[in-house]
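Remarks on the structure that follows.
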Amino acid sequence: MPVGLLYKVGRDFTEARAEANLTQGEVTKICGIHQSSLSRLEQGNGNATIATLESVANALGCRIEVRLTHPTVRKE
């Protein structure tokens, strides 16, 4: 996964957790993952599975949306 995408996913989870007014510990208790895993996810590190991403999103009252796009082709 490109570093920029990992960072964006992490930022989105951090913002959603703040909006839900939950601590990392509270989220991990709800979804059953280790706090270090959530911390890495929020920092844009690690490589969480889709199942983990969905579990954290559900704990935050969110859902995951995936969209594939074609890269922009530059004409020279």
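Below is a table of values for the structure above.
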| quantity | calculated |
| --- | --- |
| Residues of region 15-30 that turn out to be within 20 Å of E65 (Cβ to Cβ) and surrounded by fewer than 17 Cβ atoms within 10 Å (Cβ to Cβ), as a count | 4 |
| Checking L5 against (1) in a helix (DSSP H, G or I); (2) touching a residue at least 24 places away in the same chain (Cβ under 8 Å); (3) not hydroxyl-bearing (S, T, Y), the condition it does not meet | (2) |
| Subset tally (residues that are more than 20 Å from G4 (Cβ to Cβ) and not in a helix (DSSP H, G or I)) for region 27-45 | 3 |
| Among the residues listed as A57, A48, the single one being within 11 Å of the chain's Cα centre (by Cα), at pLDDT 85 or above, closer than 22 Å to E19 by Cα and not in a helix (DSSP H, G or I) | A48 |
| Qualifying positions in region 38-54 - surrounded by 17 or more Cβ atoms within 10 Å (Cβ to Cβ) and without any contact (Cβ under 8 Å) to a residue 40 or more places away in the chain | L38, L41, E42, A48, T52 |
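The values are calculated or read from the model by the stated rules, or taken from the named source; none is laboratory data. In this text the structure is predicted, and so the values were computed from the model without any measurement. Positions of Cβ are generated from backbone atoms using ideal geometry, with glycine treated the same way; all protein chains shown enter the neighbour counts.
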